[in-house]
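The values are calculated or read from the model by the stated rules, or taken from the named source; none is laboratory data. Since we're looking at a predicted model, the values are computed, not measured. Cβ: placed from backbone, ideal geometry, glycine included. Neighbour counts: every protein chain shown. Areas reflect the complete protein model, heavy atoms only, side chains present, ligands, DNA and RNA absent. Shrake-Rupley method; radii C 1.70, N 1.55, O 1.52, S 1.80 Å.
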Amino acid sequence: FDAPDGEPRMTSKWLGVLPGVDEFDPLFFEVSPRDAQTMDPRQRLLLQEAWSALEDAGYGERQAAQERIGMYVGVEQGEYQFLVGPHGSLTGNHDAILASRLSYVLDLRGPALAVNTSCSSGLVAAHQACLSLRAGDCDAAVAAAVNLMLTPHPYLGMSRAGMLSDEGRCYAFDERANGMVPGEAVVAVVLKRLSRARAAGDPVHAVIVASGINYDGKTNGITAPNGAAQAALIEQVHARANVAVADIDYVVAHGTATRLGDPVEVAALDRAFAARGSRPAHCALTSTKSNLGHTFAASGLVSLVSLVLALRNETIPASLHCDRPSDYIDWAKSAFRVNRTNRPWPRDAYRRRFGAVSAFGMSGTNAHMVVRDDDAGAAPYATTAPAFLFAFSAATPTALRQRVADIADTLRAGAWDAAALAALSHTLLVHRRHYAHRCAFVAADREQALALLDAAQRDEPATGVVHGKVPADFEEQPELAQHAAALLQALAVQDAAAYRATLAALADLYGQGYAPDWTAIHAGRPPQRLRLPAYPFARQRYWFDADDERRDPAPSNDDAAPVAGTLTVGVQHVVPRWDVLDADAIVDAPSAAFACASERPLVVGGGT
């Protein structure tokens with residue numbers, strides 16, 4: 001962008017774009033579509049991503065109600081408030097609400113706070129979550145962060161400051177380093193004390209051994225880095241972790257691809273490692289910014305996730321665009337080498353694999369974290385069950401069909417023995433929330449399950465598949481609830497035919513809305529929990545339109561199928577007898593358009 005003389009000039013046109021930043025499922029979160037239109041998309045994306053993270057961690061209704069779950073969100077000042085201007089709401093664009101919105105929706109009782117230390121915000125939020133877990137303020141915590149680039153203003157400001165690469169490349173640790181490329185991200189991880197996680201049978205992706213934060217103090221400019229402060233923090237955290245630097249195989253650096261920042265960071269790492277007896281070139285070094293761009297407040301958590309994925313996939317990923325290592329760094333004496341190609345990082349039965357993450361903020365707040373791998377986990381659950389109950393639910397019929405399709409794809413992707421099917425059944429029943437639209441069936445093996453999954457996706461009734469819709473005013477009948485509990489207890493002593501018949505009866509009760517304590521199926525020996533596809537949120541566009549702020553939002557993607565449970569009302573004619581329209585008929589016919597006397601269209605559905 002070449003501005004007129006005297007105006008700021010934009011020096012970069014590149015961005016690591018996050019798709020779908022304008023999409024949301026408001027009715028799922030009990031948000032009106034009109035409020036969704038003016039709500040900061042960072043808040044909307046965090047709602048969905050944190051929900052998916054908790055679901056992946058196995059927090060169904062019972063687990064969430066039994067534990068204090070905290071929310072710790074790293075975030076910088078948002079821009080959407082400037083787009084909506086006076087048409088926005090205080091809660092829709094407030095950072096404190098951004099952190100507490102999910103806690104409100106789920107009735108969570110742990111701390112909820114937003115952290116802004118600029119680029120180190122996400123990793124600082126994870127550190128604060130660790131402190132709260134150790135102090136007993138919460139039993140589990142979601143550490144999350146988000147960054148979106150929605151207006152030209154940050155680009156103009158960073159262009160004036162000379163921070164952006166005019167080539168569209170983050171040359172981290174390279175002599176061509178000429179600035180960053182911005183990136184967008186939304187990220188959420190669930191943290192828990194290791195002892196509690198193991199006791200609950202949680203899958204442990206990695207263990208945070210130690211973390212810490214400090215401040216640069218006074219430098220030659222408030223945004224200038226302080227290598228001595230960085231080195232002091234790294235030494236402190238590694239001493240707290242009681243890990244020899246020889247055991248640190250990999251560091252995900254802050255690595256902003258600047259001629260000043262990168263050498264200062266590597267020198268600080270070398271100073272800290274040398275104090276604990278490092279040797280040359282033994283530790284791999286990367287920066288996620290060369291791959292994804294600089295995601296600012298989210299960058300520290302993005303780096304943490306990158307490290308955890310490296311542990312899981314047993315591969316240290318390549319740090320890109322470093323063909324000519326910086327001549328400002330003494331690589332011959334350094335303990336680090338830039339990892340320029342994917343390198344194996346296999347599990348070792350005789351030693352732990354350790355890695356570390358750094359995040360430094362323009363504010364001067366630095367964060368560092370040491371992470372290690374965990375044991376392989378418990379042995380697979382052995383089962384002799386003759387069949388398994390599979391239960392699915394969603395807030396709308398469309399989402400339910402997608403959820404069934406996602407599990408069908410998961411089953412087709414690999415071999416499934418009885419232990420794996422038991423784990424799938426257990427995860428769906430115990431570690432997922434249950435919604436109004438439901439289907440369930442009983443299957444004895446993978447082939448039978450796939451056939452019933454295909455049948456469940458069709459609209460017509462299918463033998464063996466129970467469909468149900470739980471009414472909003474549903475109340476359990478005591479005798480049926482007791483019957484469901486008795487059926488679960490009877491499973492332990494039944495033969496194969498009776499076992500399958502009992503599961504079929506439980507599937508029918510599930511379709512009606514009953515939710516007994518499903519853990520009784522396994523008599524105190526729960527199978528391993530599986531990682532399954534996340535809830536399929538509706539993907540409809542909600543964005544503020546400055547040209548017509550009076551218009552209430554309706555799904556605006558003409559190519560998208562209408563969302564079940566949503567009724568768009570057009571302004572054409574008056575419906576004389578609105579009261580004769582049946583609510584169930586409206587929900588079941590989402591594409592139907594009715595008229596009203598309002599000046600503005602309305603969106604009705606999902607019990608709203």
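Worth pointing out:
- Hits in the stretch 341-351 - residues which are modelled with pLDDT of 95 or more, surrounded by 10 or more Cβ atoms within 10 Å (Cβ to Cβ) and either assigned to a loop (DSSP other than H, G, I, E, B) or among the hydroxyl-bearing types (S, T, Y) (or both): N342, W345
- Of all residues in the stretch 373-385 being charged (D, E, K, R) and surrounded by fewer than 21 Cβ atoms within 10 Å (Cβ to Cβ), the one that is modelled with the lowest pLDDT: D375
- Residue-level check: of (1) over 23 Å from the mean Cα position of the chain (by Cα); (2) free of Cβ contacts under 8 Å to residues at least 24 places away in the same chain, S363 misses just (2).
- Scanning the stretch 114-153 for residues that are within 15 Å of L45 (Cβ to Cβ) and of a type in the set (V, I, T) gives V142, V146.
- Filtered residues of the stretch 48-96 (kept if touching a helix residue (DSSP H, G or I) at 6+ places or on another chain (Cβ under 8 Å), small (G, A, S) and open to solvent by 20 Å² or more (accessible area, probe 1.4 Å)): G88, S89
- Meets criteria (charged (D, E, K, R), open to solvent by 60 Å² or more (accessible area, probe 1.4 Å) and touching a strand residue (DSSP E or B) at 6+ places or on another chain (Cβ under 9 Å)) for D495: no
- Qualifying residues in the stretch 322-340 (those that are aliphatic (A, V, I, L, M) and part of a loop (DSSP other than H, G, I, E, B)) - the one surrounded by the fewest Cβ atoms within 10 Å (Cβ to Cβ): A332
- Considering the stretch 352-372, the residues that are charged (D, E, K, R) and either assigned to a loop (DSSP other than H, G, I, E, B) or open to solvent by 80 Å² or more (accessible area, probe 1.4 Å) (or both) include one that is nearest to L311 (Cα to Cα), namely R353.
- Some residue of the stretch 203-216 being farther than 25 Å from H294 by Cα and charged (D, E, K, R): no
- The residue of the stretch 271-281 that is most open to solvent (accessible area, probe 1.4 Å), among those that are more than 22 Å from I208 (Cα to Cα) and in a helix (DSSP H, G or I), is R271.
- The stretch 446-546 holds helices (runs of 4 or more DSSP H) entirely within its bounds, and those carrying 2 or more residues that are in contact with a helix residue (DSSP H, G or I) (Cβ under 8 Å, 6 or more places away or on another chain) and modelled with pLDDT of 95 or more map to 446-456, 496-512.
- Residues in the stretch 219-266 that are in a helix (DSSP H, G or I) and closer than 23 Å to N291 by Cα: G261, D262, P263, V264, E265, V266.
- Residue list for the stretch 282-321, filter: hydroxyl-bearing (S, T, Y), in a loop (DSSP other than H, G, I, E, B) and out of contact with any Asp or Glu (no Cβ under 7 Å at 6 or more places or on another chain): S287, T288, S319
- Verdict on L260 being crowded, with 19+ Cβ neighbours inside 10 Å and either touching a residue at least 40 places away in the same chain (Cβ under 8 Å) or not acidic (D, E) (or both): no
- Whichever residue in the stretch 16-47 is surrounded by 22 or more Cβ atoms within 10 Å (Cβ to Cβ) and polar (S, T, N, Q) and, among such residues, is nearest to C130 (Cα to Cα): Q43
- The stretch 1-90 holds helices (runs of 4 or more DSSP H) entirely within its bounds, and those carrying 1 or more residues that are of a type in the set (D, E, K, R) map to 33-38, 41-56, 61-66.
- Boolean, A546 is open to solvent by 40 Å² or more (accessible area, probe 1.4 Å) and in contact (Cβ under 8 Å) with a residue 24 or more places away in the chain: yes
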